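Below are the structure tokens for one structure; questions will follow.
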Amino acid sequence: MLYVLVNIVHTGYTKLVQRRFNMKWIDASTSSVEKSVTGMNFEEDLMPRQLPVDDWDTIEDFDPSVPPRTPQEYLKRVQIEASRCPEVVVAKIDPRKLKRNPTVNVSLSGCQPAPAGFSPSLRWQQQQVANFSVLRQSIAKHRDHWKAQPLDSNVMLPASDDEEGWKKFCLGEKLYFDSYVSPNTDETDSPGIDYVQVGFPPLLSIVSRMSQPTVFNTLEYLINWFGDKKLYPELGRWLYALLACIEKPLLPEAHSLIRQLARRCSAVRANLESPEDADLSAVNLLICLVARYFEQSDLADND
């Protein structure tokens, strides 16, 4: 008696699940293969239709080969596509690929340690962070004012995705094309200076117009260019200005970029010959801001 009751319950449950999922099931009591009919309205169905849709072959002027024109035709097309889907799908896997253990290399390296006498003091770093914080507050406070100021006629901001345009704009064509000559201070202050050749400075009227995606893109362009070169003054002033424009909390792309910048600066510092090198203060400043202000403490100099 107990065996008969269990067999009845099992058979009923199998058929109910079979109708629910529209799949092939083998009945344990009869060992026969049954297939439910798509679209049949079973009262005991666990998930009845939510939208009433007529059978597509009973609708006049319905052509399944043309794009749907009404919501009803769209739902009919979904019905047709669902009915044509295979009930069982088998993934084609190359067994040879499963024999090899894949290796994923993730770089989590920090900054290269500073040579002896090249790292700044903690007091110096704290002072730079304080100055940088004041600058960022000033930019945020006066952004709307500077954004409303007209640009000179020769200032044409490149599109956000124009990598070559932003490199030339920030660095100047002379530096970009590797024909750099250190600018004379008197010539830089001259009203007749050609900014196309020497690069536009990061004026507040310029950086205030840059959206966050543009800031990220420009920073990425300059870091990529910095990859195999020294820290030129034109590059350093733009990197500092772009860091001042990055909003907190950091987005993932900004987080990755500033860490990349700090690592590159540490590589430049490791190759300097003397603590008196003119580039040392600049690279230390950028590393300090990334590590201390943007809270990437694993990159910080702890002297």
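Would you say Val196 is at pLDDT below 95, surrounded by fewer than 16 Cβ atoms within 10 Å (Cβ to Cβ), aliphatic (A, V, I, L, M) and part of a loop (DSSP other than H, G, I, E, B)?
Considered against the rule, which asks whether it is at pLDDT below 95, surrounded by fewer than 16 Cβ atoms within 10 Å (Cβ to Cβ), aliphatic (A, V, I, L, M) and part of a loop (DSSP other than H, G, I, E, B), Val196 comes out as no.
Among what's in segment 214-239 and is in contact (Cβ under 8 Å) with a residue 40 or more places away in the chain and among the charged types (D, E, K, R), pick the residue that is surrounded by the fewest Cβ atoms within 10 Å (Cβ to Cβ).
This residue is Lys230.
While we're here: Does Val90 satisfy being open to solvent by 70 Å² or more (accessible area, probe 1.4 Å), at pLDDT 85 or above, of a type outside the set (Ser, Thr, Tyr) and not in a helix (DSSP H, G or I)?
For Val90, the condition - open to solvent by 70 Å² or more (accessible area, probe 1.4 Å), at pLDDT 85 or above, of a type outside the set (Ser, Thr, Tyr) and not in a helix (DSSP H, G or I) - is met.
The values are calculated or read from the model by the stated rules, or taken from the named source; none is laboratory data. This one's a predicted model, so the numbers in the text were calculated from it and none came from an experiment. In this analysis, Cβ positions are derived from the backbone assuming ideal geometry, glycine residues included, and neighbour counts consider all displayed protein chains. With ligands, DNA and RNA removed, areas are computed over all heavy atoms of the protein, side chains included. Shrake-Rupley method; radii C 1.70, N 1.55, O 1.52, S 1.80 Å.
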